1. Go ahead and run the numbers for FRET between Thr155 and Leu132, Cβ-Cβ distance against an R0 of 30 Å, rounding to 0.05.
2. I'm a student and want to see the number: the projected area of the Cα convex hull of the stretch 75-234, averaged over all directions, in nm².
3. Can you give me the distance in nm between label points at Phe39 and Arg124, each placed 7 Å from the Cα along the Cα-to-Cβ direction?
4. Just to check I understand the Karplus step: with θ = phi - 60° and J = 6.51 cos²θ - 1.76 cosθ + 1.60, what whole-Hz values come out for the stretch 113-119, glycine and proline as x?
5. Expressed as a whole number of Å, what is the distance separating the alpha-carbon centroids of the stretch 253-272 and the stretch 136-178?
6. As an exercise, use a Förster radius of 22 Å and the Cβ-Cβ distance of Ala169 and Leu220 to find the FRET efficiency, rounded to the nearest 0.05.
7. Going highest first, how would you order 121-131, 181-191 by mean Cβ packing within 10 Å?
8. Go through the stretch 233-249 residue by residue and turn each phi into a ³J(HN,Hα) via Karplus (6.51, -1.76, 1.60, θ = phi - 60°); whole Hz please, and just put x for glycine and proline.
Amino acid sequence: MEGREEDVRLGANKYSEKQGLGTVAQDRDYKEPPPAPLFEPGELTSWSFYRAGIAEFIATFLFLYISILTVMGYSRASNKCQTVGVQGIAWAFGGMIFALVYCTAGISGGHINPAVTLGLFLARKLSLTRALFYMIMQCLGAICGAGVVKGFQPTPFQAGGGGANYIHAGYTKGDGLGAEIVGTFVLVYTVFSATDAKRSARDSHVPILAPLPIGFAVFLVHLATIPVTGTGINPARSLGTAIIYNRRLHSWDDHWVFWVGPFIGAALAALYHQVIIRAIPFKSK
């Protein structure tokens with residue numbers, strides 16, 4: 001306990017920065033976690049593997065349930081000034097991510113998004129087996145969450161567009177794709193930064209606060225891109241509402257944008273963080 005108090009007292013000063021801006025790389029002052037294996041068959045016999053998948057399912061279910069209900073409340077109101085507004089919708093999405101990442105981070109990592117899972121997989125933070133399982137459970141959770149919302153209020157759900165993502169009038173498919181790429185980049189880059197092993201080694205309170213910047217990033221991206229695409233940045237969220245709403249114009253015509261865009265954004269964020277931010281390309285002699 002005494003050692004722990006000393007770590008807290010010293011904080012970031014306990015781990016001095018050995019690499020200044022514009023300097024060559026120095027020896028690391030933390031231990032880099034080993035990369036996850038590409039395939040890990042032993043996971044399939046572990047209860048923790050399935051528990052993590054269930055956690056992803058429930059988290060994505062709750063995420064869609066609360067966020068799409070908020071969208072429906074906004075859409076069905078005759079006077080938008082009496083609703084939560086676009087800011088309230090953005091807070092619903094960001095707030096739910098904050099809460100759910102906090103609840104599930106210790107069980108599954110709190111991905112709740114196939115794009116986040118893809119980014120972490122590309123960075124070798126989890127195996128392909130686990131990544132695919134997470135994506136399947138996230139999509140199933142999203143479908144069930146949107147389905148429950150429609151079951152509660154089928155007429156307003158269909159009349160209000162079901163919370164489905166589509167490219168809004170005045171914007172091109174290129175605009176929508178760009179918005180999804182950049183928005184997902186912001187989210188996944190925030191995930192990498194908030195859960196960075198080096199930062200965790202330096203500052204003991206960072207893991208506790210990690211859900212906060214992630215949720216805030218989701219909030220800010222929604223503020224920026226709701227007028228463009230309704231904000232996907234999460235293929236499971238887009239798939240769930242598309243399947244349950246199931247109208248060609250608003251569900252499927254532009255649906256590819258909400259898979260391709262987030263996956264490109266996630267891959268770019270993983271590349272940037274792992275190669276540019278965290279890599280040590282040169283070593284002093």
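Coordinate-derived values only; no laboratory data. Quick caveat: nothing in here was measured; it's all calculated off a predicted structure. No Cβ is skipped: glycine too gets one built from the backbone with ideal geometry, and neighbour counts run over all protein chains shown.
1. Taking R0 as 30 Å, the efficiency between Thr155 and Leu132 is 0.25.
2. Seen from a random direction, the Cα hull of the stretch 75-234 projects 10.7 nm² on average.
3. For Phe39 paired with Arg124, the spin-label model returns 1.8 nm.
4. Per residue, the Karplus-derived 3J(HN,Hα) values read 6, x, 5, 5, 4, 4, x Hz.
5. Between the Cα centres of the stretch 136-178 and the stretch 253-272 lies a distance of 17 Å.
6. 0.40
7. 181-191, 121-131
8. After applying 6.51 cos²θ - 1.76 cosθ + 1.60, I find 6, 7, x, 5, 4, 5, 5, x, 6, 5, 5, 6, 6, 6, 10, 4, 4 Hz.
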